[in-house]
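Below is one structure, written out as structure tokens; comments come after it.
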Amino acid sequence: MEEQSRDDEVSRRGFLLTSAAAAGLTAIAEHPRPAVAATAAGAAGAAVVEVALKVNGKARTLSLDPRVTLLDALRERLDLTGTKKGCDRGQCGACTVHVDGRRVLSCLTLAAGVSGKAVITIEGLADGDRLHPVQRAFVECDGLQCGFCTPGQVMSAVALIEEGYAGSEAEIREHMSGNICRCGAYQQIVQAVRMAKEGA
Amino acid sequence: MAQPTMDRIDARAKVTGAAKYASDHNLPAMVYGHMVTSTIGNGRIVSMDLSAARAAGGVIEIYTPGNRPAFRGTLPPPLAPVFAEARHPLADSEIHYYGQIVAMVVAETIEQARDAAALIKVTYTALPPKSSFEDAKQNPADPPVTGLPLGQPIKKPQDVDIETALAASQVRVEETYDIPPRHHNMMEPHAAVAAWQNGKLTIYSGTQGPAAHALELATVLGVQPADVHVISPYVGGAFGGKAFTWAPALLAAAAALALARPVKVVTSREQLFTVTGHRAASSQTFGLGTHRDGRLNAIKHHTTSQSIVEDPGYRTTPKYYLAPNVDIRLMVTPDMNLPTATIMRAPGDEAGSFALESAMDELAVRLGMDPIELRMKNYLESTLIEAKPYSSKHLDACYRVGAERFGWSRRSTQPAAVTDGDWQVGLGMSTAILDSGRASTTVRVTFRPNGTATVGCATSDAGTGMWTIMAMTGARALEVPVDRIRPALGDSGLPVAGNNDIYGAVGSAATSTVTPAILVAAKEAIGKLVEHATTAAGSPLVGAGDVRYDGGRLVGAGTSVGFGELLTLTRTAEVGAQGTSAPLDESHAYASYAAHFCEVRVNRWTGDPRLGRFTTVVDAGAILNAKTARNQITGGVLFGLAAAMFEEGKVEGATGRISNANLADYLLPVNADTTEIDVHFLDHPDTRLSPTGARGIGELGTVGAAAAFANAVYNATGKRIRTLPITPDKLLA
Ligand code: FES
Ligand code: FES
């Protein structure tokens, strides 16, 4: 029998957290710095950052643990749960939102890093009761099954049409490949993107 | 005849983000649980240092084997303890597999729970794990006797000596086919939000069977099933992985009870690979012996797998081809230090069809015979063992129509003969057969004063289209436009009959189970409505003798009134009834069929195999909604092709760790890996199965897809790959 202590998994996780945070901090440097304040409520030197976001056109201010990702800020603080967490690691695309008009994986983005920016989520796409043309096309072409990847697919599709990457089926497939659909509704998704593009 | 087709009624909620999945529920005073998993594959926990975690901000409780949540009972037999993890989470300090739950931190926020979990230090006594299936399959054991048919030997005749029968056959193949472990990887991780009030649990937890989930939770928690309310209208993919109850839901429920606060537990992607079930690796040996004209004389199908839960022999071989001598057997490799094996889309059928349909292709090559001709030579009109006639079988037409649509006649019989620039091009085909059936179930149909009718059953829709099928069938039964039907599912409070129908959407049987019950319930409800019209105060038809229901209106005594208006006049909130479908007619056997045709292109320099084209022709009875049915088939085919092209859970034999437990390293097909799949439905309603005539389709596309791909790879390259997935290294070797 071998006696061994295994806490290496813990340090590996710690490393991942540190590197994810570092990636987020690089992003922060380019933008107005959020105010950081030490708080009595947070333990062991934890701080709170004031984050001002414009989410779906509405100004929101949040006092956040600096570790909070944009995804968890949307889902757990603002109750905008349309944006999904499929992996929390930047590997599936379910959490795709638009930040200042660009596609962003919100699970890899610290909320504090996008302070001052405009965020559009799946909830902000329709004009009241009128669906966005991409949403309409997904309904009509049946570009979904379980629907869990769908918010991310739709947000990617909207951006890729605007960016001019929906020229051919091959181009659509390539540029939609950051969004995994385990149900395998890919051909219906491609049809939806084409339909939306032709109507655009 | 044009098949009915309709947009999914849940699509709008799904494209706008309004659809609420389990983890989308945020309740007042809710706290977050985060699981910690073991970093050894075998051994025991010696000590746990929780001090740093306890001191971290926001931590409320840390559950460990030394501080266990209260589980009072075990998963209810006969199915759940076989198909899910029978051992309670945190039951003791023994470690059975790498990635087993060793703690759960509950904290005020998700960040606090996650980061405190990373501060827990566990000291283990580690033993060498028995985690290598490659090693274990050398010494398999007889399967346990569970009372289920899985794992039981099948022989024809009873005293068959299969080796002698094979030796006496004029032409033989005998080969072994290996499939690595696979993981469901539905996009929605297992998650639960649990809240107790007055001794009753409400739990938002994605499930294929709300009633079974409630029963399993209740039994383990030691409360009455009626005191557990499972709410699961939207399920972000399941594929068999959400058929039974797993640790995340149990821990959320137990912690919420102990802490008297709602608890949300979301499994991380990495944890999903180990704390919930997976498809175990399998190794199958097929021996096929034929006469020179291609008629089979002997079939030997011997499988080794981690457990009995997916038995390719039982599920596949007795329903494919006719042969006088048959020997089917399963051996297991018990007590492995691996996570729990469970069912996954087309359990047994997928692995079995890959092996059998590859072996048939090898046999066709040896016989110099067309693969379709070989299959037609051995066509089954009734089941192989009991000789029960099939209710409705048009597989021959699937072959014929598919060959025509695909251009099968252009296939080169010589392998490695066709190139297109740098690509070798090959064509392959396979057969898909999936048992069909249905459970007797109960549906409630209710008329309302606003002119709508509710159609409710405790079934589930994990993307299958059940919301829409229920609405369409309700509309047909009540003769009203579909927008006046309000389907209800995904709630354990809705009706079930209480037999196997509690498992909801499993075995591709949800549509065939629920739709006939809708017809029965609608009839009952119409009866109640007519009675109401003739008796209720305020009705213009009181006392009328000849009242009948016609297209949503009650007609009689020279007048008529819509049901909404009637209930408004009688000031009645609802009139409705439950109805239970009749049991299945057991005089026949039922199955769905498809013929798959696949073109593969293999790069001659890199060995990269790409999907070129795919055609499938499907005989699945009546197609109730062509739009969602097509999506089920294309998605199912892709699920099967994924096994051929990409999927492999990589277990490190020395540690038991799954080294690719994430979506970057465990490859799933993405959009650019796929192509337009051509689906054609034959239209032969199976009215012996049920009055709606619909058979199962959810798993049908998956069955056989990997073999069609592998057979096309052989035709393209002359290389027969018998170990999945078919990766470039195998084609370059
Ligand atoms: S959740 Fe962000 S990419 Fe998967
Ligand atoms: S619709 Fe289920 S994962 Fe895409």
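The values are calculated or read from the model by the stated rules, or taken from the named source; none is laboratory data. Here the structure is a predicted model, which means the values were calculated and not measured. Note that each Cβ is placed from the backbone with ideal geometry, even for glycine, and that neighbours are counted across all protein chains shown. Surface accessibility is based on the protein's heavy atoms, side chains included, excluding ligands, DNA and RNA. Shrake-Rupley method; radii C 1.70, N 1.55, O 1.52, S 1.80 Å.
Name the shape class, rounded, prolate or oblate, that the alpha-carbon gyration tensor gives for the protein assembly as shown, where a ≥ b ≥ c are the square roots of its eigenvalues, rounded holds for a/c under 1.5, and otherwise prolate holds if a/b is larger than b/c and oblate otherwise.
Working: a/c = 1.42, a/b = 1.09, b/c = 1.31.
Because its axes are fairly even, with a/c under 1.5, the protein assembly as shown counts as rounded.
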Handout entry: Rounded accessible area of B:His190 (nearest 10 Å², 1.4 Å probe)
Key = 20 Å²
Exercise for the section: Could you list the residues of the range B:156-185 with an amide nitrogen less than 12 Å from a label point located 7 Å from the Cα of B:Arg366 in the Cα-to-C-beta direction? Expected result: B:166-176
Practice task
Ignore the peptide's own chain and count Cβ atoms of other chains within 10 Å of each Cβ in B:622-628; give me the average, rounded.
Solution key: 1
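Calculate, in whole percent, how much of the Cα-Cα pair population of the range A:125-200 lies beyond 22 Å.
On the way: 304 of 2850 pairs.
Roughly 11 percent, once rounded to a whole number.
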Exercise for the section: Beyond 50 Å, what share of the Cα-Cα pairs of chain B is found? Please give it as a whole percent. Expected result: 18 percent
Handout entry: Dipole of the protein assembly as shown, positive direction: furthest Cα of B:Thr303, B:Leu732, B:Gly621, with charges on the beta-carbon
Key = B:Gly621
Handout entry: Estimated distance in nm for a label pair at B:Arg72 and B:Lys156, the labels positioned 7 Å out from Cα along Cα-to-Cβ
Key = 5.0 nm
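Does the range B:1-160 come out rounded, prolate or oblate by the C-alpha gyration tensor, with a ≥ b ≥ c the root eigenvalues, rounded set by a/c under 1.5 and, if not, prolate when a/b is larger than b/c and oblate if not? Don't jump to the answer; show the numbers that get you there.
Working: a/c = 2.49, a/b = 1.13, b/c = 2.21.
Oblate is the answer for the range B:1-160, as a/c is 1.5 or above yet b/c matches or exceeds a/b.
Calculate, in nm to one decimal, what B:Ala672 and B:Asn660 gain on full extension: separation in residues at 0.36 nm each, minus their alpha carbon distance. Intermediate results must be reported in sequence, preceding the final value.
On the way: separation 12, 0.36 × 12 = 4.32 nm, distance 2.15 nm.
Difference between extended and current length: 2.2 nm.
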Exercise for the section: Would you mind pulling out the separation of the Cα centroids of the range B:209-251 and the range A:122-173, in Å? Expected result: 32 Å
Exercise for the section: Enter the Cα centre distance for the pair the range B:9-81 and the range B:380-431, rounded to the nearest angstrom. Expected result: 47 Å
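Magnitude of the Cβ-charge dipole of the protein assembly as shown, K/R +1 and D/E -1, about the Cα centre, nearest 20 debye?
Numbers: 86 positive and 94 negative charges, 191 e Å.
The calculated dipole for the protein assembly as shown is roughly 920 debye.
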Practice task
Calculate, for B:Thr285 and B:Ala557, the FRET efficiency according to 1/(1 + (r/R0)^6) with r their C-beta to C-beta distance and R0 51 Å; round to the nearest 0.05.
Solution key: 0.10
Practice task
Would you mind checking the range B:219-243 for residues with the amide N under 13 Å from a putative spin-label position 7 Å along Cα→C-beta of B:Gln197?
Solution key: B:229
Exercise for the section: Please name which of B:Pro28, B:Leu150, B:Cys457 has its Cα lying farthest along the dipole of chain B towards the positive end, using unit charges on Cβ (Lys, Arg +1; Asp, Glu -1) and the Cα centre as origin. Expected result: B:Pro28
Handout entry: Förster radius 35 Å - calculated FRET efficiency between B:His588 and B:Leu27 (Cβ-Cβ, nearest 0.05)
Key = 0.10
Completion exercise
A student applying the Cα gyration tensor rule (rounded when a/c is under 1.5; otherwise prolate if a/b is larger than b/c, oblate if not) would label the range B:442-580 prolate
Practice task
Using the Cα centre as the reference, give the magnitude of the dipole from point charges on the C-beta atoms of the range A:125-200 (Lys, Arg: +1; Asp, Glu: -1; all else neutral), rounded to the nearest 20 debye.
Solution key: 180 debye
Handout entry: Karplus-derived HN-Hα couplings along the range A:156-173 (A = 6.51, B = -1.76, C = 1.60, θ = phi - 60°), whole Hz, x at Gly and Pro
Key = 5, 4, 4, 5, 5, 5, 5, 7, x, 9, 10, x, 9, 4, 4, 5, 4, 4
Completion exercise
Subtracting the Cα-Cα distance of B:Ala258 and B:Glu174 from 0.36 nm times their residue separation yields 24.5 nm
Fill in the blank from the handout: The set of residues whose placed amide H lies less than 5 Å from the amide H of B:Gly704, leaving out same-chain residues fewer than 5 positions away, is B:Ser353, B:Phe354
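Roughly how big is chain B's charge dipole about its Cα centre, with Cβ charges of +1 (Lys, Arg) and -1 (Asp, Glu), in debye to the nearest 20?
Numbers: 64 positive and 70 negative charges, 124 e Å.
For chain B, the charge dipole is close to 600 debye.
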Problem - Distance in nm between pseudo-label sites at B:Asp49 and B:Thr568 (7 Å out along the Cβ direction from Cα) - result: 7.3 nm
Handout entry: Simple spin-label estimate for B:Lys20 and B:Asn139 in nanometres, 7 Å along Cα-Cβ
Key = 5.4 nm
Practice task
Would you mind getting me the FRET efficiency between B:Lys388 and A:Ala59? Use the beta-carbon distance for r and R0 = 56 Å, nearest 0.05.
Solution key: 0.25
Practice task
Quote the accessible area belonging to B:Ile101 in square angstrom, nearest 10, computed with a 1.4 Å probe and with ligands, DNA and RNA left uncounted.
Solution key: 10 Å²
Handout entry: Entries of A:Lys54/A:Lys197; B:Lys14/B:Lys528; A:Lys58/A:Lys85 with Cα pairs more than 29 Å apart
Key = B:Lys14/B:Lys528
Practice task
Give me the lysines in straight-line cross-link reach of B:Lys200: C-alpha distance below 24 Å, same-chain residues under 8 apart excluded.
Solution key: B:Lys20, B:Lys242, B:Lys264
